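Notes follow once the structure below has been shown.
Values in this text are rule-based calculations from the coordinates and carry no lab data. All values reported here derive from a predicted model rather than from experimental measurement. Neighbour counts are summed over all protein chains in view; Cβ atoms, including those assigned to glycine, are modelled from backbone coordinates with ideal geometry.
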Amino acid sequence: MDFSFLSQPAFSGGGTYLDWVITGIKWTVLVSLCAWVIAFSVGSVLGVMRTTKVWWLNGPATAYVELFRNIPLLVHMFIWYFVMPEMVPKVLGAWMKQGMPMPEFWSAVFALGFYTASRVAEQVRSGIQSIPRGQTNAALATGLTMPQVYRHLLLPMGYRIVIPPLTSEFLTIFKNSSVALTIGVLELTAQARTISEYTFRTFEIFTLATVVYVLITMAVVVVMQLVERRVRVPGYIGTGR
Amino acid sequence: MKRISTLMLSLAAASVLSMPAVGQELAGTLKKITDTGVMKIGHRDASVPFSYLDDQQKPIGYGVDICLKIVDKVKAELKMPNLKVEFVPVTSQTRIPILMGGNIDVECGSTTNSVERQKQVDFAPTYFVTGTKIIVKKSSGIKGYDDLKGKTVVFTQGTTNERAIKAYNDEKKLGINFLPSKDHAESFLAVQTDRAAAFPMDDILLYGLKAGAKNPDEFVIVGEFLSDDPYAIMMRRDDPAFKKVVTDAVSALYKSGDINKIYTKWFESKIPPKGINLSFPMSDGLKEAVKSPNNTGVGACGKMKC
């Protein structure tokens, strides 16, 4: 393997091929983090909605989860990118296609974010529902209202329980961000493909991309472990280690 | 993962191909064809009229017809009248790795023969001569490349046109916003839906796309040739026996004048699936290439003479 091509001047843009890789990493991280903000916030709200007994809260949330998690991510990307601008009023559609800065980036963020939200919602729901019913009853017996039970008991405990599966979800979003290349986001995988076309160094560039993905996800794992250790409740969960 | 495995295969194939031929024994692609009884042809899905799918999803086109002539020649050469032909779809991005990996033996599409690519693959004699132009919406008012300043331009990944427009953008500092896309149909869709202002491509393919559009009059093809693009059938490198068969087959087609019949069929008559007639008479460049078959590639600068 010969990685010397990385320092060669790239075909266009004035930089080297290494600069292309770095831009790729930048977009991968940006798409993933922005999408995670959407996924986590929307997913949390939906997850909580699904645990309530109020039909007009859990009904729509259930519908959302079933709709969004049952459609392939690739289709989500195409819908946000190709279909949405044609469905909204013409002026807005034209703006989405040409006026809006970085249309492919935002389409990818929304597609990935709202898709992952359906999965986060299920994690949050499972966390809340895994707390024994007796605890809720006890909390209600002390005079707390239902919103207070969520605020002081169900949410703090539920989130702690689901930190490990949420970590997986967070890792997955980084890997899933590569699907954004189909709508023209030049993230890491897309850059690797382009570089392999220009330099014919397919093996080297994909090895490099693989290593970068592993490093990114390892960093996420480390951060999430810190979070887990930081917030653990002694004597309850997360104390085994 | 698939990419890596193709690469492994190509390494294996390269080591096999580089072994010296012993006596009169067959080597390389001819041996592979004899052993498997199958010749694999790579084709495209939207390179009208060179290599595309008809309404039964069958690969057809000018390039495909020429490739079938090569198959006839291989059959005769190897005395294998029952040689089977298998069509494998490829894209601008996958054609070279798939060819090198051995999953196709020849690529019959709309591939520009360039000096750059000759480092990886080999080419049969030029069978079409075209060059890069851009297709835009008539309403956009774009008359040439300099009107693209600050606009979005869509390109098909892995094409020589991509290189040509990027080089021009760098040279003239136009600040074009580039949008990569997977194939010509998707690129043209970006122009149709106003996502991109222009799509640089070999002009003949642009005429094909335009003719197939819902509303052909909406579009116009503008600009001088930004690059020269001589098309040729692509095959693996360092395989002189197979190259000779392919080159002989194409040259024979030129010498006998049969090429004119094939040309007329695809460029000056109604073609499937919509019955459009491209009405594109043979250019002087191609007439020259037919008169003296050659496989000179286009230089690194995008022009025949750098």
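What to note about this one:
- For chain B, the longest principal axis of the C-alpha atoms and the axis of helix B:258-267 are separated by about 30°.
- Cα gyration tensor, the stretch B:166-299 - rounded (a/c under 1.5), prolate or oblate: oblate
- Note, ³J(HN,Hα) from phi for the stretch B:201-211, Karplus 6.51, -1.76, 1.60, rounded to Hz, x at Gly and Pro: 7, 4, 4, 4, 5, 5, 4, x, 5, 4, 4
- Ranking of B:CYS306, B:CYS108, A:CYS34 by neighbouring Cβ atoms within 10 Å, starting from the fewest: B:CYS306, A:CYS34, B:CYS108.
- All aspartates and glutamates inside 13 Å of A:LYS97 as judged from Cα atoms, apart from same-chain residues fewer than 8 positions distant: A:GLU86, B:ASP194
- When each of A:VAL233, A:VAL124, B:VAL71 is scored by the number of other beta-carbon atoms lying within 10 Å, the sequence from fewest to most is A:VAL233, B:VAL71, A:VAL124.
- When both the stretch A:34-100 and the stretch B:114-146 are represented by their alpha-carbon centers, they are found 40 Å apart.
- Residues whose amide H comes within less than 5 Å of that of B:ASN294, counting only those at least five positions distant or on another chain, are B:THR126 (H built at 1.01 Å from N in the peptide plane).
- Mean Kyte hydropathy of 0.5 or more with a Cα span along the axis of at least 30 Å, helices from DSSP in chain A: A:17-51, A:202-231
- Inter-centroid distance (Cα atoms) of the stretch B:63-79 relative to the stretch A:140-218, Å: 51
- Whole-number Å³ per residue for the convex hull built on Cα positions in the stretch B:131-228: 80
- Gyration tensor (alpha-carbon) shape descriptor, chain A, a/c threshold 1.5: oblate
- Taking other C-beta atoms within 10 angstrom as a stand-in for reagent exposure, A:THR194, B:THR91 fall in the order B:THR91, A:THR194, fewest first.
- Computed over chain A: relative contact order in percent, which uses C-alpha pairs under 8 Å that are six or more apart: 27
- Helices in chain A, meaning DSSP H runs of at least 4 residues, each add -39500 (n - 2.57). Divided by all residues, the mean residue ellipticity at 222 nm is -22500 deg cm²/dmol.
- Residue-averaged 222 nm ellipticity for chain B, from DSSP H runs of 4+ at -39500 (n - 2.57), nearest 500: -12000 deg cm²/dmol
- For the stretch B:131-228, the residue among B:LEU205, B:HIS184, B:VAL136 whose Cα projects farthest onto the positive side of the dipole built from Cβ charges is B:VAL136.
- For chain B, relative contact order (Cα pairs under 8 Å, six or more residues apart, normalised by length) works out to 25 percent.
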